[in-house]
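The values are calculated or read from the model by the stated rules, or taken from the named source; none is laboratory data. Computed from a prediction, not measured in an experiment: that's the story for all the values here. Every residue, glycine as well, gets a Cβ built from its backbone with ideal geometry; the counts of neighbours run over all protein chains shown. Only protein heavy atoms, including side chains, enter the accessible area calculation; ligands, DNA and RNA are left aside. Shrake-Rupley method; radii C 1.70, N 1.55, O 1.52, S 1.80 Å.
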Amino acid sequence: MKKAGMWCKAAWAGVAAVAVAAPFAVNAQQYKGEILHPMMVTRTGPFATASTGVTAGQQDYYTLVNMAGGIDGYKIVWEECEFEYKVPRALECYERYKGKWKMVYPNSTPAIFALAERVTKDEVLAINLAGGRSDSSDGETFPYLAPVIANFWAQATSTIAYIGQLEGGMDKLKGKKIAYIHLDNDYGRQPFPMFDELAKKYGFEWKSWALSWPALEQSAAWVDIARRYRADYAVGWLYGQSCAVPYTEIAKVGYPMNKYIGSLWCGTEDDVGPAGPLAKDTVTANFHGVGKDFPVIKEIEAKVYKAGKGNAEPARVGSVAYNRGVITGIIIVEAMRNGLKAKGAPLDGKKVRDGYRMIKLDDARLKQLGATGLMPNLVFSEKYHGGMDSQLFQKWDGTKFTTISKWIPPDQAMVQAKIDESAKAFREQTKAAPAK
Amino acid sequence: MLAMAVAAPFVLSEYWIKAILIPTIIFGLSALGLNIVSGYAGLISMGQAAFMALGAFSAVIAYGRFGVPVPLAILLGGTVAALVGVVVGTPSLRIKGLYLMVATLASQFIIIWALQRVPWTGSGSFATLNTPPVRIAGFDFSTPTAKYYLVLVVVALMTLFGWNLVRSRIGRAWMALREHDIAASIMGVSMLRYKLLAFLVSSFYAGVAGSLVVFGWTGAASVQEYELDVSIKILGMIIIGGLGSVLGSFLGAAFILLLPILIAVAMQRVAALTGGGTVSVDILANAEHVVFGALILFFLIREPQGLAKLWFGLASWVDRRTGTFKATKGGGK
């Protein structure tokens with residue numbers, strides 16, 4: 001399916017704009033065949049801002065791969081299914097393209113939970129980078145789910161470790177107060193057990209401010225955090241439009257902006273951009289490099305966008321959400337390539353899952369792909385589906401993010417213990433024997 | 001219609017069964033429950049999704065943790081929801097209309113809050129519980145067809161019951177309360193009994209629908225699937241389908257759940273006809289909402305009494321023209 005080059009903002013105004021189709025160049029390249037890759041997308045609703053960037057990043061990377069001859073000669077073609085970040089629609093999309101899925105990536109934690117049973121039965125891997133079920137790092141209990149990079153528990157422990165670093169050592173956390181302001185759902189609540197254990201271990205105090213979706217009204221919470229609780233640090237676990245809300249509130253109550261640390265899902269320009277200079281000095285987590293200074297991103301600009309085949313506005317290239325898309329694309333293509341190599345064409349969900357378990361993105365491989373510094377090293381196996389990763393921290397200077405920390409690792413032992421405990425509880429609840 | 005529903009798995013593909021029919025009849029059942037309390041008894045309730053959540057969690061805990069057989073677990077899901085429903089319904093004795101709506105709105109938030117917070121539910125930090133493989137008396141309900149029949153049997157029985165209930169003495173009492181509750185109570189209809197009974201039956205239906213979501217559709221009870229917007233959608237179903245109509249509940253569920261998908265697929269096909277790529281994917285995605293909204297407006301203006309009225313109008317028109325379908329005379333379903 002050929003995609004138009006223009007991403008048209010005017011659509012919002014209801015202007016019936018007709019995008020100029022990319023020139024249908026006669027395809028000089030001969031492919032051995034095609035790999036149909038259905039994609040779940042969110043182009044409408046409160047989460048569309050970042051989500052469209054992630055989608056475009058993937059599609060641009062597929063285009064780049066196709067221009068270089070595809071995956072071992074196979075061209076990736078994709079079809080979109082819009083599901084609006086809603087669970088019933090995600091299930092419908094899944095059924096509509098059933099049997100055609102190579103890997104499911106809804107970019108929605110609730111959708112992952114609802115899809116879990118079906119993908120396991122149909123043997124298709126469902127991934128959610130830096131999201132989904134934290135315990136699905138355990139590939140034996142969850143053979144068809146994967147958090148890929150930095151599950152929520154790893155994120156939580158890494159963020160606390162960063163605060164420890166700011167204070168000059170984890171022992172300095174003793175007696176400190178950390179306010180945790182979050183969406184009251186499975187995304188915002190997943191860090192709870194980690195905070196509990198860390199608080200016990202390092203002797204700090206933490207308190208939760210739960211906001212119900214869509215969390216656009218936060219003034220009471222911030223007054224409470226700044227004036228009554230007098231938190232030393234505030235950690236946010238928000239998403240979509242709610243990410244931009246704290247900055248005005250923080251400015252209003254006079255809380256120091258650099259003491260507010262957002263989760264990595266609030267770490268895109270789309271999240272902080274609306275607050276602009278007001279949010280200066282705020283910090284958010286991230287799991288990858290920002291900007292365009294990576295060979296693969298430059299290559300996409302030089303080849304894909306020059307040929308008019310880009311899937312986003314050119315200005316979005318290199319943004320956080322976009323880079324996440326490229327990283328996702330790299331992982332999916334790598335899984336497909338491994339699957340093809342090991343099991344041969346035609347690809348199906350199980351072969352791609354097996355390919356995923358063979359992923360070995362070490363320094364050498366990342367260099368080949370032009371992604372050094374863009375993403376951490378990733379090595380997966382049957383037992384380990386990813387998730388135990390470090391975070392980077394980035395500072396907002398009013399117009400853009402700059403990375404200000406080294407990779408900060410999670411508390412591996414603590415996260416692993418929780419994964420084991422939670423996976424065990426899952427096996428007991430569903431009485432499923434560990435899959436072979 | 002029942003014959004058509006029974007034959008469906010032989011004619012339709014798995015996609016239709018799993019993605020279209022099962023969710024439609026489950027939500028139709030929940031909408032029927034809401035129609036009993038709102039359409040028949042005239043009490044607005046905004047907590048239907050939360051009652052579904054209660055049913056879903058009760059059923060999955062009963063089956064997964066305590067090994068209660070599935071049919072009993074479904075019944076239990078309904079019962080737990082019904083008991084809570086009665087408590088939620090008590091304000092209806094003193095307040096009505098918008099005030100009652102706000103009171104039931106509170107129940108939506110409190111129930112969801114409790115399901116996430118009470119450690120005993122075991123929903124943990126994911127706020128989700130998965131069900132073990134569904135087995136009834138040794139028979140495995142893992143195929144879509146088996147799941148469909150499980151859902152269909154429960155929904156058909158409860159629809160039949162509901163249909164008879166609203167035409168019984170109880171149903172007439174509810175309608176009397178709806179028209180004028182003080183007048184009805186002066187004439188001897190007990191407000192306490194019938195208002196609470198309406199909430200009881202309504203939330204029982206929601207609870208059963210919730211447990212069917214777990215056993216027949218998604219395989220998991222997840223708090224995220226029962227947020228406020230689902231309650232609003234169910235309210236939309238009965239308004240568009242027809243307040244005080246059993247058939248309307250199912251028509252409304254089909255309208256709200258399926259029309260957006262139909263529009264999206266249709267637009268994708270049309271866009272593909274033009275060679276693809278002439279219309280940006282963003283416009284297509286957003287146009288779906290515009291068309292859907294316009295259709296809601298159209299149907300509500302064209303027939304404020306809902307799809308059920310349109311349906312009967314159509315049936316009687318066919319009847320007059322052809323002289324067949326004698327059975328539909330006198331209102332039918």
Checklist outcome for this item: Listed by range, helices (runs of 4 or more DSSP H) wholly within region A:245-342 having at least 2 residues that are modelled with pLDDT of 90 or more, assigned by TED's automatic domain parsing to the domain that holds residue A:56 and farther than 23 Å from residue A:77 by Cβ are A:295-299
Checklist outcome for this item: Pairing a residue in region B:134-151 that is without any contact (Cβ under 8 Å) to a residue 40 or more places away in the chain with any residue that is loosely packed, with under 12 Cβ neighbours inside 10 Å and not in a loop (DSSP other than H, G, I, E, B), where Cβ atoms lie under 8 Å and the two sit 6 or more apart in sequence or on different chains, gives B:146/B:139; B:146/B:140
Item to check | Residue that is farthest from the chain's Cα centre (by Cα), among those in region A:190-220 that are within 11 Å of chain B (Cβ to nearest Cβ) and under 16 Å from residue A:158 (Cα atoms) | outcome: A:196
Checklist entry - Can you spot a residue in region B:141-148 that is at pLDDT below 95 and exposed (fewer than 12 other Cβ atoms within 10 Å of the Cβ)? => result no
Next on the checklist: I'd like the full set of residues that are away from chain B (no Cβ under 14 Å), assigned to a loop (DSSP other than H, G, I, E, B) and open to solvent by 20 Å² or more (accessible area, probe 1.4 Å), limited to region A:221-244.
Outcome noted: A:230, A:232
Checklist entry - Can you name every residue in region A:357-400 that is surrounded by 15 or more Cβ atoms within 10 Å (Cβ to Cβ), over 26 Å from residue A:126 (Cα atoms) and out of contact with any Gly (no Cβ under 7 Å at 6 or more places or on another chain)? => result A:393, A:395, A:396, A:400
Checklist outcome for this item: Counting only strands (runs of 3 or more DSSP E) entirely within region A:24-130, those with at least 1 residues that are open to solvent by 20 Å² or more (accessible area, probe 1.4 Å) and in the same structural domain as residue A:349 (by TED's automatic domain parsing) are A:33-41, A:74-82
Item to check | Out of A:197, A:167, A:205, sole residue that is touching a Gly at 6+ places or on another chain (Cβ under 8 Å), more than 26 Å from residue B:221 (Cα to Cα) and not basic (Lys, Arg) | outcome: A:205
Checklist entry - Which number in (1) open to solvent by less than 40 Å² (accessible area, probe 1.4 Å); (2) touching a residue at least 40 places away in the same chain (Cβ under 8 Å); (3) of a type in the set (A, V, I, L, M, F, W, C) marks the one condition that residue A:345 misses? => result (1)
Item to check | Answer residue from region B:152-177, given it is free of Cβ contacts under 8 Å to residues at least 12 places away in the same chain and not β-branched (Val, Ile, Thr) and is farthest from the other protein chains (Cβ to nearest Cβ) among those | outcome: B:169
Checklist entry - When region B:137-162 is examined, which residues are found to be in contact with a helix residue (DSSP H, G or I) (Cβ under 8 Å, 6 or more places away or on another chain), more than 26 Å from residue A:423 (Cα to Cα) and not in a helix (DSSP H, G or I)? => result B:139
Checklist entry - So which residues in region A:207-220 are open to solvent by less than 50 Å² (accessible area, probe 1.4 Å) and closer than 18 Å to residue A:189 by Cα, if there are any at all? => result A:208, A:209, A:210, A:211, A:215, A:218
Item to check | Test result for residue B:106, touching a Leu at 6+ places or on another chain (Cβ under 7 Å) and in a helix (DSSP H, G or I) | outcome: no
